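Every read-out reported here was derived from the displayed coordinates using simple, explicitly stated rules and does not represent laboratory data. As the structure is a prediction and not an experimental result, all values here were calculated from the model. Here the Cβ positions follow ideal geometry from the backbone for every residue, glycine too, while neighbour counts run over all protein chains shown.
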Amino acid sequence: MSFKVDIKATIIATLVLVLSVVVMSLVPYLAIIILPFITIPGTILWYRSKPSFFVTVVVTLCATVLFNNVFLLTVMTLMIFMSVFIGQLLVERTSKERILYLVTTFMSILTIGSVLILQITGNLPLTSKFFSQYHDVLISYFEMGGNLTTEIEETLQTSLEILQASIPGYIVLWVFLLVFVNLLVTFPILRKFKVATPVFRPLFMWQINRSVAFVFVITVLISLFVTKENVVMYGIVTNLQFVLEWVIFIQALSLFHLFVKVKKLPVVVGVLIFVLAFVFKPFAYLFGLMDIWFNLKQRIKK
């Protein structure tokens, strides 16, 4: 590959990204609007000229470092990786739904890993420490009111433990929403720059690769032998399991969608099935795994 840089495209992309960094540094709340669009320059450059992409990334990250904001640097690094994932999958002519769950998987792993690194380096408080402090505040509040009982204290403790364990799941959900919105709003723009982009197929046509199921089973087996004392390994295995569970859950929704379509069930029944899938997620995971392994969709079609 010849190292030929498109000067004009590189300058424009760099200016857009650096300007985005400046705006997010001054008004952090605008990141909600900027982030779904910020992958556009990187995706276009990766699709057309990788040398231009690398030059843009180096200049942008150097400019970001000048703001001395580790969180802003982390966000920009993650969004650059997201540009690479989307750009490469577009080069490979991947379907839009496959781009959705692959990018969600990769970005969830990177995001959760980034949170762990920030915690290890002391830039973010440990989750256990944060919830411990929050627990103490709640206990103090009830003590001041004079209505603290053993039952209330146990309920608070259980609720906080459940919330703490759910944090990786919420991260995956927010990453999924970010990627979903990103694909919806950026693909029409990318087409204007002559970047070939796919369209979403109906949910019932989505099919996740069987290797995901094997990785999930291996992860679950490893989790049985990893204790909380092994902080790093426990964090990696637990968070990877959360990510894979969401991917398998999407496959389950795809299966249920096909069932509703083939059986020509009323819309109300279809909505009810989807609601039950969210309420009884373990059963949805089971259906998702079975569909990946045994292709239940073919049986439904027959």
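Shown here are the Rg and Dmax of the Cα trace of the range 1-157, at 21.3, 74 Å.
Placing +1 on the Cβ of every Lys and Arg and -1 on the Cβ of every Asp and Glu, with no other charges, gives the range 202-302 a dipole of roughly 620 debye about its Cα centre. Per residue, the chain reaches -27000 deg cm²/dmol at 222 nm when only DSSP H runs of four or more residues are counted, each adding -39500 (n - 2.57). Spacing of the modelled spin labels on Tyr134 and Arg210, each 7 Å from Cα toward Cβ, amounts to 4.2 nm. Evaluated with a Cβ-only charge set (Lys, Arg +1; Asp, Glu -1), the chain carries a dipole of roughly 2120 debye about its Cα centre, given to the nearest 20.
Kyte-Doolittle cut-off 0.5, length cut-off 24 Å along the helix's own axis using Cα: show which whole DSSP H helices in the chain pass. Going by DSSP H runs, the hits are 7-26, 70-91, 96-120, 150-192, 231-262. Toward the positive end of the charge dipole of the range 165-254, about the Cα centre and with charges on Cβ (Lys, Arg +1; Asp, Glu -1), which of Ser211, Val185, Ile222 goes farthest? Farthest along the dipole direction, towards plus: Val185.
Just list whichever of Lys194/Lys297; Lys50/Lys96; Lys192/Lys297; Lys50/Lys194; Lys4/Lys192 have alpha carbons separated by over 27 Å in the model shown. Exceeds cut-off: Lys194/Lys297; Lys192/Lys297.
When the P(r) of the chain is calculated, the portion above 37 Å amounts to 28% of the C-alpha pairs. Ordering Glu245, Glu151, Glu143 from the fewest to the most neighbouring beta carbons within 10 Å gives Glu151, Glu143, Glu245. Sequence-distant contacts, meaning Cα pairs under 8 Å at least 6 residues apart, place the relative contact order of the range 1-194 at 25 percent.
Cβ crowding within 10 Å, taken as a proxy for footprinting-reagent exposure, orders Ile32, Ile208 from fewest neighbours to most as Ile32, Ile208.
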